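Scroll down for the structure; my scribbles are underneath it.
The values are calculated or read from the model by the stated rules, or taken from the named source; none is laboratory data. Note that this is a predicted model, so its numbers are computed, not measured. In case anyone asks, the SASA skips ligands and DNA or RNA and just uses the protein heavy atoms, side chains included. Shrake-Rupley method; radii C 1.70, N 1.55, O 1.52, S 1.80 Å.
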Amino acid sequence: MERTERRKKNWGELAIGGVCVLLGILLSVQLRSVKVNSAADATSAGRLETLQQLYNETVDSLETTKAQLEQVQSELQTYRDAAASGSSESEALRAEVDKLEMEAGLVEVVGPGVMVSLQDSSAANVTGDEADYLIHDNDLLSVLNELRDAGAEAISLNGERIMSTTEIRCAGSVVIVNGRRYTAPFVFNAIGDPNTLYSALTMRNGVVDVLGQWKIEVKVTPSEMLTVPAYNGVIDFQYAKPSTAQSEDTEGGAVG
């Protein structure tokens, strides 16, 4: 009888111990879960704060750029008004201002040339790398350089005027042009001699042939009238400035 009571007591103690161990395990799992969720919430909150900060900085930068553009346009209009006074000197100044505006890409221009459209390859992927069949910044730069070498006087890409300060670079799955993001299709408008531009792009082993090896779709269309829009950004020189020696030569006249 005593042995039976002792055995029941031992089993009871074991059962209580097992329950305590189980409760301890469950409590530990619960605490760990709370810590993980807390860490995840903190990470999400930090990421959200970072994205909000980037958004605010982008908005501020855009507003500053718009303000600078309005100021430059206002100053330019002042020069135009002054050049329209009617004297022969003013007419010469007006012609020079118009020429410089066109060369600087600050006015919309029209003329003959070629339109070049590029579309990502639709061929079956046999290399295993999807990037091999997409248009990249170096592909666009190859077309741009060919157009420039062939004498293009004004060029735009997806409506963005190509300037000396224009950047064309990949950023993930998009291409950035003048600070703006674009995806395929990409369209160049280039003003110049249509026959020369067309021949330069489509010559044997030229840029169209090279892109065609990857089944990149390139279409070159000559046109008698194309439009290249004006640059709508702001060129802000923070470090470059006119040479002091050049300014002194200009003020003192030509050096013999």
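Accessible surface comparison of Y182, Y198, probe 1.4 Å, protein chains only, largest first: the order is Y198, Y182. The residues of segment 109-228 expose on average 51 square angstrom of accessible surface per residue, using a 1.4 Å probe on protein heavy atoms. Of the listed residues F186, F237, the order by accessible area with a 1.4 Å probe, largest first, is F237, F186. Using θ = phi - 60° in the Karplus curve 6.51 cos²θ - 1.76 cosθ + 1.60, the 3J(HN,Hα) couplings for segment 155-163 round to 9, 10, 10, 6, x, 9, 5, 7, 10 Hz; x is entered for Gly and Pro. In a Debye calculation with equal point scatterers on the alpha-carbon sites of segment 109-228 and no solvent, what is log10 I(q)/I(0) at q = 0.10, 0.13 Å⁻¹? Values returned for q = 0.10, 0.13 Å⁻¹ are -0.28, -0.48. In this structure, the residue pairs whose Cα-Cα separation is over 30 Å, taken from K66/K219; K66/K241; K66/K215, are K66/K219; K66/K215.
On segment 100-256, 50 percent of the accessible area sits on carbon and sulfur atoms, based on a 1.4 Å probe. If you sort R204, R181 by accessible surface, 1.4 Å probe, largest first, the order is R204, R181.
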